[in-house]
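Here the structure comes first, spelled out in structure tokens, and everything after it is commentary.
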2 protein chains.
Amino acid sequence: MKEIQSRANPLFRQWLHDKAHAGRPGHLVWLEGPHLCQSWLQNQLEVKWLLIDQTRFDHPEVVQIRNQIDPANWVVISTSLFDALSDVKSHQGVTLLADLPAREIPVDIHGSAVVLDGIQDPGNVGTLLRTCAAAGIQTVIANAGTAGCWSPKVLRSAQGAHAGLHIHETRDASDWLRAYRENASSLPVIATTLEEATSLFSMRLPARAIWIFGSEGQGVSSEMLSLADHRVRIDHNQQYVESLNVATAAALCLFEQARQHRTGR
Amino acid sequence: MKEIQSRANPLFRQWLHDKAHAGRPGHLVWLEGPHLCQSWLQNQLEVKWLLIDQTRFDHPEVVQIRNQIDPANWVVISTSLFDALSDVKSHQGVTLLADLPAREIPVDIHGSAVVLDGIQDPGNVGTLLRTCAAAGIQTVIANAGTAGCWSPKVLRSAQGAHAGLHIHETRDASDWLRAYRENASSLPVIATTLEEATSLFSMRLPARAIWIFGSEGQGVSSEMLSLADHRVRIDHNQQYVESLNVATAAALCLFEQARQHRTGR
């Protein structure tokens, strides 16, 4: 167990710097609060450091978390230093630091997969990952332009979903998709778009698919659209709103797919 | 047309003060950006002031908006003053100020209605309102504890939905619901909850209903639950996430209801 009381401490200074890049390649993932720490530990993912606010050391939630981690990785720090490292106003005094899980882009997909094509808002990305985990999706591929999937804001919105997902951040998902479609066993690719598309609720969806959801403003890029086997739209009242929020649209697609194959319609 | 160049201008000072309370009773609603201005105007809602950044006065989007408004209500202000009144980093130089639409809580509901029972996050409230408008819902009742429906953050997430909705913010939605249920023609009330609930996708939903969606942490309050005729849950993989985001859950309910009654299942 380490103790840090001074801002001059080299480890503290390194974290303070690292925090601004949290979750990007070469930087640590920051899991703040008991809920995110627990979801990480439940899934037996590796831990680099456990930061504990000294005034919360004996809080039952903190005790439960530290008991699962080798004391050599505990770092007890003063409240003012913890404040400096925290994203939230009233923090709960526990943050887990871990290496970014290195996951190669898959050749075979188990179940369905979701491609995030330039979704910029971290809240949308987080909600979408939460929905993926809830819909039983395991594989998520995030294209360039998508918010960093391991950033603190995305982790907060995803509410623990990361632990159950294989997330692949890539510069060019279209390269991967083009190669993937040449596999004999490749799954059908479905993109959501408003143009030349079939209505989601009138379509017989495949039991397994690669879904592509596009950016908030532009939707799925034309390059990715050209690689889709099916284009679906979600019919809605367009008098007041042009489109649905992308995380909402994704939830409707994934749960409609699950509904069709659970009920055997 | 007015012109304001000085921070000492009484109208500017009043707006700067009013902005912090935007959308609350007795304060103005702030609709920033061409998209929100247009959706307001398309629905023939009244305008108090149109603020225009002087450097954007002749921008086509601004021209299109000001042409729909009596020049007596235009206020052209310097960029630095506009910056001070803007919520976004790179603003588009046009903001419409309007009185909060006064809408009494309804006795009769057209179509279905949605009750927001303490939903705190403005992004969730905005996304939910956008989903309501997209699902053809007209009536939304927001209970105490729900984020202010006319706040700038909610307006931004809702993407114009407000113009199509009758939104009633009330201190006690349970009082209203209790009285409403005594109407002979009252609609069935459905609450979403994880406990003692029927699975959404296995239930025959009524064509019209009062839906209750609860807060992010606690869900629907016990008082509101006691007034529900039906309790529904959305079955999902709970290994990694305990629940769905509330705006996601609401979308699944409202679009499943629409799907059942469009397809006549």
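The values are calculated or read from the model by the stated rules, or taken from the named source; none is laboratory data. Computed from a predicted structure; not experimentally measured. So basically every Cβ, Gly included, is an ideal-geometry build from the backbone, and we count neighbours across all protein chains shown. Remember, those area values only see protein heavy atoms, side chains included, never the ligands or the DNA or RNA. Shrake-Rupley method; radii C 1.70, N 1.55, O 1.52, S 1.80 Å.
So here's what we get for this one:
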| quantity | calculated |
| --- | --- |
| Residue match in region B:172-184 (condition: within 16 Å of the chain's Cα centre (by Cα) and farther than 29 Å from B:GLU242 by Cα) | no |
| A:GLU104 under 30 Å from B:ARG262 (Cα atoms), more than 14 Å from chain B (Cβ to nearest Cβ) and either over 13 Å from the mean Cα position of the chain (by Cα) or surrounded by 22 or more Cβ atoms within 10 Å (Cβ to Cβ) (or both) | no |
| Every residue from region B:255-264 that is more than 7 Å from chain A (Cβ to nearest Cβ) and touching a residue at least 60 places away in the same chain (Cβ under 8 Å) | B:GLN257, B:ALA258 |
| Among the candidates A:LEU187, A:LEU205, residue that is farther than 25 Å from A:HIS27 by Cα, surrounded by fewer than 22 Cβ atoms within 10 Å (Cβ to Cβ) and assigned by TED's automatic domain parsing to the domain that holds A:SER243 | A:LEU187 |
| Scope region B:111-136; condition in a helix (DSSP H, G or I) and β-branched (Val, Ile, Thr); matching residues | B:VAL125, B:THR127, B:THR131 |
| Within region A:161-176, considering residues that are small (Gly, Ala, Ser) and crowded, with 23+ Cβ neighbours inside 10 Å, the one nearest to A:ILE141 (Cα to Cα) | A:ALA173 |
| Qualifying residue in region B:119-134 (condition: out of contact with any Ser or Thr (no Cβ under 7 Å at 6 or more places or on another chain) and hydroxyl-bearing (Ser, Thr, Tyr)) | no |
| Unmet criterion (only one of (1) farther than 26 Å from B:HIS21 by Cα; (2) touching a Leu at 6+ places or on another chain (Cβ under 9 Å)) for B:GLN138 | (1) |
| Any chance A:VAL189 is among the β-branched types (Val, Ile, Thr) and under 11 Å from the mean Cα position of the chain (by Cα) | no |
| Region B:126-142: number of residues that are touching a residue at least 40 places away in the same chain (Cβ under 8 Å) and buried (at least 24 other Cβ atoms within 10 Å of the Cβ) | 5 |
| Residue in region B:221-243 that is hydroxyl-bearing (Ser, Thr, Tyr), in the same structural domain as B:ILE119 (by TED's automatic domain parsing) and open to solvent by less than 20 Å² (accessible area, probe 1.4 Å) present | no |
| Count of region B:1-12 residues which are part of a loop (DSSP other than H, G, I, E, B) and among the basic types (Lys, Arg) | 1 |
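Here's the yes/no breakdown for (1) at pLDDT 95 or above; (2) out of contact with any helix residue (DSSP H, G or I) (no Cβ under 8 Å at 6 or more places or on another chain):
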| position | (1), (2) |
| --- | --- |
| B:ASP18 | no, yes |
| B:PRO25 | no, yes |
| B:ASP53 | yes, no |
| B:ARG56 | yes, no |
| B:ASN73 | yes, yes |
| B:VAL94 | yes, no |
